[in-house]
Amino acid sequence: MDPNWSDITRLVASDPGAGAHGHPTSFPIYQTATFVQESAGGFGEYDYSRSGNPTRTALQTQLAELEGAQSAFATSSGMSALSTVVRLVKSAETILVGDDVYGGMHRLLRRIAHEVHGISVVPVD
């Protein structure tokens, strides 16, 4: 994909369905919780929708393409995204956070990130 194209052109030109069954021109939303497995002990690419599904993979692929990144990671909520970030940041490192974040996010940062993990939390305007 040409990096000089606008974001809108890159989104339209993206083909997240290239490897999907039937190669859909408009990528479908997979509304299933579980996926067929090869055997009781052998798992395929997807097993349970909360841990991954074709729809999320397509979204992550498109986000990575737009950002010019190798990969992207999508979560189901802001709190799950924050929980992931807190686990990636090391003790004595710093997280910058907006000064008007959701109360639950503020408490997680103050009580878990700072008090338990020793991560510095700096509010910014």
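Applying the selection to segment 109-123, what residues are touching a Leu at 6+ places or on another chain (Cβ under 9 Å), among the aliphatic types (A, V, I, L, M) and open to solvent by 40 Å² or more (accessible area, probe 1.4 Å)?
Residues satisfying the conditions are VAL121, VAL122.
Could you name every one of the helices (runs of 4 or more DSSP H) located completely within segment 29-125 that has at least 1 residues being over 15 Å from the mean Cα position of the chain (by Cα)?
103-107
Any residue at all in segment 12-34 that's at pLDDT 85 or above and of a type in the set (Asp, Glu)?
no
Just need a number here: residues in segment 96-108 that are open to solvent by 90 Å² or more (accessible area, probe 1.4 Å), within 15 Å of ALA81 (Cα to Cα) and in contact with a strand residue (DSSP E or B) (Cβ under 9 Å, 6 or more places away or on another chain).
2
Identify, from the list ALA69, ALA92, the residue that is surrounded by fewer than 14 Cβ atoms within 10 Å (Cβ to Cβ), under 30 Å from ASN4 (Cβ atoms), of a type in the set (Gly, Ala, Ser) and at pLDDT 90 or above.
ALA69
Restricted to segment 1-25, and to residues that are farther than 18 Å from LEU66 by Cβ and open to solvent by 50 Å² or more (accessible area, probe 1.4 Å), which residue is farthest from the chain's Cα centre (by Cα)?
Taking segment 1-25 first, the residues farther than 18 Å from LEU66 by Cβ are 19-25.
Then keep just the ones that are open to solvent by 50 Å² or more (accessible area, probe 1.4 Å); that gives 19, 21-23, 25.
On the way: GLY19: 20, HIS21: 23, GLY22: 25, HIS23: 23, THR25: 23 Å.
Here the residue is GLY22.
The values are calculated or read from the model by the stated rules, or taken from the named source; none is laboratory data. Since we're looking at a predicted model, the values are computed, not measured. All Cβ positions, glycine included, derive from the backbone under ideal geometry; neighbour counts span all protein chains shown. Heads up: the accessible areas ignore ligands, DNA and RNA and are worked out on the full protein's heavy atoms, side chains in. Shrake-Rupley method; radii C 1.70, N 1.55, O 1.52, S 1.80 Å.
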